[in-house]
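The values are calculated or read from the model by the stated rules, or taken from the named source; none is laboratory data. Values in this document were obtained by computation on a predicted structure and should not be read as measured data. Backbone-built Cβ (ideal geometry, glycine too); neighbour counts: all protein chains shown. Surface accessibility is based on the protein's heavy atoms, side chains included, excluding ligands, DNA and RNA. Shrake-Rupley method; radii C 1.70, N 1.55, O 1.52, S 1.80 Å.
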Amino acid sequence: MLNTKKYDYLVVGAGPYGAVFAHEAAKQGKRVLVIEKREHIGGNMYTHVEHGVTVHDYGAHIFHTDNKEIWQYIQQFAEFNGFQNQVIANYKGELYNLPFNMNTFYEMWGTKTPAEAQAKIAEQREEALGSLGNRAPSNLEEQAISLIGTDIYQKLVKGYTEKQWGRKATDLPAFIIKRLPVRFEFNNNYFNHRYQGIPIGGYTPIFEQLLDHPRIDVQLKTDFFANKEEYLAEFPRIIYTGMIDQFFDYQFGELSYRSLTFEKEVMHVDNYQGNAVMNYTDAETPYTRVMEWKHFDGASDDGVSVITREYPQAWDRTKEAYYPVNDETNMAKYKQYAQLAQQMQDQVVFGGRLGQYRYYDMDQVFHAALNLVRQEFGIPKDYQFVE
């Protein structure tokens, strides 16, 4: 017997989607059991503190959004600093500002005005892609060159992207590069969003508050698949945030994901790289970026800095799935799984990045979870979750 307390909901996964839903369901008077296969809550947003430094265990997480409701919602649980992500790219020892902006163009070509930079990009685009005519770019390489020319593509996009995805840029869909803005102004802020920051003290305290409710129980190191049939038999409603293909026993084959590994190191210096995030954009460096955590909030013990190197890797069933590979082949396969999910909608909701096989920023996950709460409990769309 797994549903010993007559829970109304089983939430599989203690990341943002599951934790937000559990919190709001409990406020609606429902009893919720949250199970999590890892030994901690918070999903990939999990943080811990060592040597006075708040370390993000699964890569840098900067909260950024234009959604005022979501910004107000998360601020109930933490005070945020005003951190803006200003990334430095390191290409074989040459340093460039990211995202692509007038600083980048000056560092690359010496151009000083938007007109000069636009002319340089147009010249390189025409030389490399003149044969396209009116055809839209069909892969990432063509898309990137059409946006920023061949020089920036070769130094700052190609190697990094091919490491990230484990595939040639010509084999990747064009839409991936659209996530990186191009600006003809001197602005190094990686994101354009109105609200940006990092919670003081890290993200874990947010999840502790979300799940601290008398009607919520949390079981860590608990694998849903060890007792899948029993959970399905005993729980009337399940919010599932794991991999959708795994839920259905990979019956249409595995969906493709990218995985990551992280290498943390304590450096006995006050300042290791002078910036929060440095991307390594050459093909030869095995990691994609290095995070120096003290630069996110300025907090650290004297004489100590903690860094993390991030390595992309191929996914298999023994590894964590981080990024869905949303190409045509995988999306066709996902649609088959989505049809099976639709047939189970009276009992199981598939949510989050893995449950819906799509890339979500953090604010989008919070928004999706609150939309589910509205739908599940008949709450009006204009209802404000923050008093």
Cβ-defined net charge surrounding G59, 9 Å radius [Lys, Arg +1; Asp, Glu -1]: -1
Below 12 angstrom from the Cβ of P16, what's the summed charge of the other residues (Lys, Arg +1; Asp, Glu -1)? -1
29 Å Cα-Cα threshold exceeded, pairs from K92/K264; K30/K381; K264/K335: K264/K335
With the 1.4 Å probe rolled over protein heavy atoms, segment 33-93 has an accessible area per residue in Å² of 38
Note to self, the chain gives a 222 nm [θ] from helices alone (DSSP H runs n ≥ 4, -39500 (n - 2.57) apiece, / all residues, nearest 500) of -9000 deg cm²/dmol
Please give the solvent-accessible surface of H367 in Å², to the nearest 10, using a probe radius of 1.4 Å with every protein chain present. 70
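In segment 127-187, what GluC sites (Glu not before Pro) fall in a loop by DSSP, with at most 15 other Cβ atoms inside 10 Å?
E185
Fully extended, how many nm does the chain gain between A122 and N134 (0.36 nm per residue separation, minus their Cα-Cα distance)? Walk me through the numbers on the way to the answer.
Numbers: separation 12, 0.36 × 12 = 4.32 nm, distance 1.50 nm.
Additional length available on full extension: 2.8 nm.
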With the dipole of segment 143-195 worked out from charges on the C-beta (+1 for Lys and Arg, -1 for Asp and Glu) around the Cα centre, which of H193, T150, A174 lies farthest toward the positive end? H193
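Over segment 1-79, what portion of Cα pair distances is larger than 16 Å, expressed as a whole percent?
Result: 63 percent of Cα pairs exceed 16 Å.
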Tell me, what is the FRET efficiency for K264 and Q209 to the nearest 0.05, using R0 = 25 angstrom and their Cβ-Cβ distance as r? 0.45
Between G82, V55, Y96, whose Cα lies farthest towards the positive end of the dipole of segment 48-120 when Lys and Arg beta carbons carry +1 and Asp and Glu beta carbons carry -1, centred on the Cα centre? Y96
When all protein chains stay in place, what accessible area (Å², nearest 10, 1.4 Å probe) is found for L220? 70
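Across the chain, how large is the tail of the calculated P(r) beyond 30 Å, expressed as a percent of all Cα pairs?
Numbers: 34265 of 74691 pairs.
When every Cα pair of the chain is considered, 46 percent fall beyond 30 Å.
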If I compute solvent accessible area with a 1.4 Å probe over the protein chains, what percent of it on the chain is carbon and sulfur? 45
Be a star and scan segment 238-275 for residues whose amide nitrogen sits under 17 Å from the point 7 Å along the Cα-to-Cβ vector of V304. 264-272
Could you order R183, R317, R194, R167 so the one with the most accessible surface comes first? Probe is 1.4 Å. R194, R317, R167, R183
Percent relative contact order for segment 236-387, counting Cα pairs under 8 Å at least six residues apart, stands at 31
Please go through segment 67-116 and write out the GluC sites (Glu not before Pro) that DSSP classes as loop and that have at most 12 other C-beta atoms within 10 Å. E79
Rounded to the nearest 0.05, FRET efficiency between N187 and N81 (Cβ-Cβ, R0 30 Å) equals 0.95
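Among L354, L255, what's the order by accessible area (1.4 angstrom probe), most exposed first?
Details: L354 35, L255 0 Å².
Accessible-area ranking of L354, L255, largest first: L354, L255.
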Cα centre as origin, Lys/Arg/Asp/Glu Cβ charges: the chain dipole, Debye: 780
Added length on full extension, which subtracts the Cα-Cα distance from 0.36 nm per residue, Q343 to K112: 77.3 nm
Calculate the dipole size of segment 327-387 relative to its Cα centre from +1 charges on Lys and Arg beta carbons and -1 charges on Asp and Glu beta carbons; express the result in debye to the nearest 20. 200
So for I239, I41, what's the accessible-area order with a 1.4 Å probe, most first? I41, I239
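Between V386 and K37, what length in nm is gained on full extension when 0.36 nm per residue of separation is reduced by their alpha carbon distance?
122.6 nm
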Electrostatic dipole magnitude of segment 70-137 [Cβ: Lys, Arg +1; Asp, Glu -1; Cα centre; debye, to 20]: 120
